[in-house]
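Have a look at the structure below, then the notes.
The values are calculated or read from the model by the stated rules, or taken from the named source; none is laboratory data. As the structure is a computational prediction, the values presented were derived from the model and not from experiment. Backbone-built Cβ (ideal geometry, glycine too); neighbour counts: all protein chains shown.
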Amino acid sequence: MEEIEAIIADMPTYGYRRVHAILRRSACREGRSWPNAKRVYRVMKLHGLLLQRHTGAIDTRRHDGRVAVERSNLRWCSDGFEIGCDNKEKVRVAFALDCCDREAIAHVATTGGIKSEDVQDLVITAVENRFGRINILPKPIEWLTDNGSCFIAKDTKSLLREIGMEPCSTPVRSPQSNGMAEAFVKTFKRDYVSVNPIPDAETVIAQLPLWFEHYNPVS
């Protein structure tokens with residue numbers, strides 16, 4: 001219980017599966033055994049620490065295609081989201097996610113709207129984070145996004161093709177086809193935005209790298 005409470009105190013939005021994963025990693029590092037997931041569930045249920053099962057209204061949107069892939073660097077997905085600060089400022093964030101290991105490879109943030117130039121910066125940063133400073137990818141990677149203007153802009157697609165990426169977008173009126181990116185946004189807002197101070201845009205933008213860095217090892 002002490003270990004569970006310590007984890008929840010740090011990340012109050014974690015359910016029993018993520019708590020179990022952290023307990024397991026900690027035990028592996030220390031060379032000791034760990035409880036199975038069912039035991040963690042029972043202990044958390046007994047002490048009223050489980051999250052509510054229902055997380056929102058049922059989503060009935062059409063879902064076309066399979067987003068996940070078998071190996072890293074086959075398909076990356078990208079999307080954007082908005083963070084409303086306490087002082088009414090808005091921070092817009094765009095990110096790149098590997099559709100295999102779900103690592104958040106890179107992000108950009110601005111107090112204005114996400115433009116084609118921002119997405120191009122995001123693409124270049126993501127490539128450099130994975131492969132270093134190269135002019136063209138060793139193998140093509142799909143770049144999956146919705147049909148937002150910044151993602152389908154001519155300059156964005158031109159850059160993608162120049163470095164060896166294959167731009168592809170979700171079907172019109174089927175945003176759930178980029179469901180992995182949507183799931184990331186939901187997790188990120190729940191685990192970081194909702195439980196940290198967000199007084200103004202400057203504070204949020206300063207915290208974003210720490211939140212992304214924390215997300216990747218526990219995703």
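Details
- The sole residue among A94, A181 that is part of a helix (DSSP H, G or I) and not charged (D, E, K, R) is A181.
- For region 138-147, the condition of being of a type in the set (F, W, Y) and either outside any strand (DSSP E or B) or free of Cβ contacts under 8 Å to residues at least 12 places away in the same chain (or both) holds for none of the residues.
- Filter result for the condition that a residue is on the phi > 0 side of the Ramachandran plot and at pLDDT 95 or above, over K88, K189: K88
- Checking P12 against (1) modelled with pLDDT of 95 or more; (2) surrounded by 12 or more Cβ atoms within 10 Å (Cβ to Cβ); (3) part of a loop (DSSP other than H, G, I, E, B), the condition it does not meet: (1)
- Some residue of region 161-169 being modelled with pLDDT under 95 and part of a helix (DSSP H, G or I): no
- V172 farther than 27 Å from V69 by Cα and modelled with pLDDT under 95: no
- N129 falls short on exactly one of the conditions (1) surrounded by fewer than 15 Cβ atoms within 10 Å (Cβ to Cβ); (2) in a helix (DSSP H, G or I); (3) in contact with a helix residue (DSSP H, G or I) (Cβ under 8 Å, 6 or more places away or on another chain), and that condition is (3).
- Among (1) over 20 Å from Y215 (Cβ atoms); (2) buried (at least 18 other Cβ atoms within 10 Å of the Cβ); (3) modelled with pLDDT of 95 or more - the single one M44 does not satisfy: (3)
- The residue that is surrounded by the fewest Cβ atoms within 10 Å (Cβ to Cβ), among those in region 102-122 that are farther than 19 Å from G132 by Cβ and without any contact (Cβ under 8 Å) to a residue 40 or more places away in the chain, is G112.
- Just one of the numbered conditions (1) crowded, with 21+ Cβ neighbours inside 10 Å; (2) more than 17 Å from the chain's Cα centre (by Cα) is not true of L144: (2).
- Qualifying residue in region 193-211 (condition: under 17 Å from A106 (Cβ atoms), among the hydroxyl-bearing types (S, T, Y) and modelled with pLDDT of 95 or more): no
- Residue match in region 49-67 (condition: modelled with pLDDT of 85 or more, not in a strand (DSSP E or B) and not aromatic (F, W, Y)): no
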